[in-house]
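Each value in this text was obtained by applying a stated rule to the coordinates, not by laboratory testing. Computed from a prediction, not measured in an experiment: that's the story for all the values here. Cβ: placed from backbone, ideal geometry, glycine included. Neighbour counts: every protein chain shown.
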Amino acid sequence: MTAARVLRAADRTAVPWKNGGGVTREIAALPEDAGMEGFDWRVSLADVHADGPFSAFPGTERILTVVDGTGMDLDVDGRHLCAERYAPRHFPGDVPTGGRLRAGPVVNLNVMHRRGAVAAAVTVVRGGRAVAVPPDATVLVVALDGPAEAAGVELGRYDAVLCAARQTTVRTDGYAALVTLRRTG
């Protein structure tokens, strides 16, 4: 990758969840256009309007971050997880999982990655931060609740940029998510 790749929210198409219970908008995936099954990693925004089961993704790990709304209570294979705004929650993508909304709809940033092949991390930042991009990693910056700047690109709400440089700066008056993806296998 030689230049930052800008991924505008307005260019995303809503597609049904794998289980048909809602809609998601893919931000980026590897390989590109891998669909719901063939990805090494996938980052998307999901609109959740009702309680219900999550789609199962065999062989994956998930990081869910509530980015709009009050939050959700998750039942991950019998274990309770509290999903609050801007607090990333890690769990297996292939175990029975259900969600209960706390106080109305939410939007979730979902990072899914193939277990044993890709490692992922999500950090939510506010203000400014220098970001070192490891040589073997991909860093995606997503503006969450307002304007942000990353890799010299102005971002509106839910716009994203894949950072090409090994060093970049993120600035936001609101919150932005830094998603780091690295091949492990």
- Item | Distant-in-sequence amide H partners of Val23 (H built 1.01 Å from N, under 5 Å) | Trp17, Asp47
- The long-range amide H neighbours of Tyr175, using H built 1.01 Å from N in the peptide plane and a cut-off of under 5 Å, are Leu144, Asp145, Gly146
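For a footprinting-style exposure proxy, rank Glu154, Glu32 by other Cβ within 10 Å, fewest first. Please report the intermediate quantities before stating the final value.
Values: Glu154 12, Glu32 8.
Ranked by crowding around the Cβ, least crowded first: Glu32, Glu154.
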- Kirkwood Rh and Cα Rg combined as Rg over Rh, evaluated for segment 1-80: 0.97
- Message: If I take the Cα coordinates of segment 50-140 and project them onto the principal axes, what are the three extents in Å, biggest first?
- Response: 40, 33, 17
- Please pull out the direction-averaged projected area of the chain, using the convex hull of its alpha-carbon atoms, in nm² to one decimal place. 9.6 nm²
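Listing Phe91, Phe57 from the residue with the fewest other Cβ atoms within 10 Å to the one with the most, what is the order?
Details: Phe91 18, Phe57 21.
Least crowded to most crowded, the residues run Phe91, Phe57.
Please arrange Tyr158, Tyr86 by counting, for each residue, the other beta carbons lying within 10 Å of its beta carbon, fewest first. Mind showing how you got there, number by number?
Details: Tyr158 21, Tyr86 17.
Least to most surrounded, the residues fall as Tyr86, Tyr158.
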- Query: On the first, second and third principal axes, largest extent first, how far apart are the outermost C-alpha atoms of segment 118-183 in Å?
  - Reply: 30, 19, 16
